[in-house]
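Notes for the one structure printed next.
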Amino acid sequence: MSRLDSPLQAALARIDKAGQRRTLRAAALAPGGRVIRDGRELVDFSSNDYLCLARHPLLTERAREWAARHGTGSGASRLVTGTSDAHLALEAKIAAFKGTEAALIFATGWQANAAVIPALLAAIPGVAVFTDRLIHASMHAGIAMAGVRQHRFRHNDLDHLEALLASKGADAPARLILTESVFSMDGDRADLQRLTAIAEAHDAALFVDEAHATGVLGPEGRGLSAEVPGRIDLVMGTFSKAMGGFGAYVAGSQVLIDYFVNTASGFIFTTAPPPAVLGAIDAALDLVPGMDAERAHLAALGDRLREGLDALGLDHGDSSTQIVPAVIGAEEQAMALSAKLEAAGFLASAIRPPTVPPGTSRLRLALRASHSAADIDAFLGVLGDAL
Ligand code: PMP
């Protein structure tokens, strides 16, 4: 019991009433693109371990080795004594992977966005910010911290972005466009060729979140930003998804990185990531460029799944990646479907408001490199029956 319970219970009751109460349930990643939940092995379409690296022996070994050699904690924040040789070497390796002058490691992707965006916006009073309507909550958090109003364009609608750029912020000292290269809930891509051309034509800077592209898309898995080298001002991505570990990076010019080291609160006032985390990232960066076969397999699985959803009459939006939404619509229906699938041995989480817009509740299907074509077919069979 706490003195705060009573107002919080009232807030929870409101969440309950809206049918949006969430609870934590345990799960454990298992080999073969499986997950263990409630003692049962399920085919896992809900994790972001796209390349199945989270249990790869090279990552677990290097994490173990670096912890054994350097300890479990980093001891302090980066500007005090928390920066080790490993941090600096890894940041150089990340910059090389992303083809940028410099890079900086963050504890998580959420923290990276919530740290660098307000730092950036604070440097340019009056900056005009243009955002895709579906950008991640952490980018919204960063913009809100800066107290800056956003000009939102319709999702992936670059005509709308151009119209906004033509009419808003012409007198601003700078203009900044924020988007994702692969959208987390829809699995569709931003058209970075056109977006970079628009940014250049309007003299706007571009920030791209590559959380779901890093490791999976672009040449050698270096992300879709690698397809437009040197044309995106600032890229962030995570090590917690396809890279099989934990943490995040921000990559860009040396000036940007120097600036964040001096101003980004979520970098300065937090303990440096520990050796085991760095070891796993280091190993993932060694493996990922050579995983073209896994990337091709994921792409083929995605096509197979989308064809199967078409046959069932289910909308998968503009997905063209390892993330495939099966849009159901009503929240209760998506939840019921997810429960039926789980009973039949498939973990396909329902994603509902407020994570996605009302009326677009969906099964968010995330493919993993260890899935087989037979897994997809079995899933589609069960889904068809459940519908
Ligand atoms: N950006 C996007 C697009 C994401 O989907 C996520 C994670 N769901 C994040 C940032 C945050 O990354 P992390 O999980 O490392 O905090």
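No lab work stands behind these numbers, since they all come straight from the coordinates. Fair warning: this is a prediction, and the values are worked out from it, not measured in the lab. All Cβ positions, even for glycine, are placed from backbone atoms using ideal geometry, and neighbour counts span all protein chains on display.
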ALA378 paired with ASP38, simple spin-label distance in nm, labels 7 Å along Cα-to-beta-carbon: 1.9 nm
Hey, which aspartates and glutamates would be in cross-link range of LYS241, C-alpha to C-alpha under 12 Å, not counting anything within fewer than 8 residues on its own chain? ASP49, GLU210
Among VAL129, VAL182, VAL80, the residue with the largest mean-square fluctuation in a Gaussian network model of the chain built from Cα contacts under 10 Å is VAL80
Taking placed amide H atoms and a strict 5 Å upper bound, the residues 5 or more places from ALA205 or on another chain that come that close are ARG175, LEU176, ILE177
In terms of the alpha carbon gyration tensor, root eigenvalues a ≥ b ≥ c, rounded if a/c is under 1.5 and otherwise prolate when a/b exceeds b/c or oblate, the chain is rounded
Mean-position separation - Cα centroids, the stretch 205-225 and the stretch 128-153, in angstrom: 20 Å
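Sequence gap at least 6, Cα distance under 8 Å: using those rules, report the relative contact order of the stretch 1-122 to the nearest whole percent.
On the way: 48 pairs, mean separation 9.2, N = 122.
Once divided by the residue count of the stretch 1-122, the mean separation gives 8 percent.
Need one number: % antiparallel among DSSP beta bridges in the chain, to the nearest 5.
Numbers: 28 of 46 bridges.
If we restrict to bridges inside the chain, about 60 percent are antiparallel.
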Extreme residue, positive dipole direction of the chain, given options PHE97, GLY73, ALA54 (C-beta unit charges): GLY73
Report the residue, chosen from ASP233, ASP171, ASP157, that carries the largest GNM mean-square fluctuation when the chain is represented by alpha-carbon nodes joined by springs under 10 Å. ASP171
Aspartates and glutamates whose Cα lies under 14 Å from that of LYS17, excluding same-chain neighbours fewer than 8 positions away: GLU331, GLU332
Around ALA102: net Lys/Arg minus Asp/Glu count, Cβ-Cβ under 11 Å: -2
Mean Cα-pair separation over length for the stretch 57-289, i.e. relative contact order, pairs under 8 Å, 6 or more apart, %: 31 percent
Please give the residues of the stretch 220-252, grouped as numeric ranges, whose backbone N is less than 16 Å from a label point set 7 Å along the Cα-to-Cβ vector of GLU200. 225-234
Assigning unit charges at the beta carbon (Lys, Arg +1; Asp, Glu -1) and nothing else, what dipole magnitude in debye, to the nearest 20, does the chain show about its Cα centre? 1140 debye
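Calculate, for ALA30 and VAL255, the FRET efficiency according to 1/(1 + (r/R0)^6) with r their C-beta to C-beta distance and R0 56 Å; round to the nearest 0.05. Let's see the in-between values first.
Numbers: r = 45 Å, r/R0 = 0.80.
Efficiency, rounded to the nearest 0.05: 0.80.
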What is the gain in length, in nm to one decimal, between GLN333 and ASN262 on full extension, counting 0.36 nm per residue of separation less the C-alpha to C-alpha distance? 20.7 nm
